[in-house]
Ligand code: SF4
């Protein structure tokens, strides 16, 4: 962090361990099968993850408080990880998403943006967005 500020550096840190990412990143891009599904300020995403895949990842982070750990709801994803070479049609997460709807496996959602600076690709965003079309393609 000191080098980043002194030298004006930016760097990309790639990890499956979001508990480490939480302490490293200012901005976060969550990817599934090689596609970005949620992005924005790391603090905002850790405070209120909206995409079902991000929510599942965050629910897998162990909490340092045993009481809270026992009480929390862990999201267990069913099914196997599809091949990135042949992702499911529509939303790539549709074969494992606990909140999937019929349209999820037919149409790929576009980016929807939220007032906290985050955005995600998910049909659940409909009706709760301030903007659309933001994000990484
Ligand atoms: S678009 Fe559908 S399948 Fe994809 S993450 Fe959202 S709810 Fe789940």
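Placing one identical point scatterer on every Cα of the chain and ignoring solvent, what is log10 I(q)/I(0) from the Debye formula at q = 0.15 Å⁻¹?
The computed values of log10 I(q)/I(0) come out as -0.81.
How far apart, in nanometres, would the label points at residue 99 and residue 6 be if each is projected 7 angstrom from Cα along the Cα-to-Cβ direction?
Calculated label separation equals 4.3 nm.
For segment 52-98, take every pair of Cα atoms, bin their distances at 5 Å starting from 0, and report each bin as a whole percent.
Percent of pairs per bin, in order: 4, 20, 23, 19, 13, 9, 7, 4, 1.
Throughout, read-outs are computed from the coordinates displayed, never taken from laboratory work. For clarity, every value in this text was computed on a predicted model and none was experimentally measured. Note that we place each Cβ from the backbone using ideal geometry, even for glycine, and neighbour counts take in every protein chain shown.
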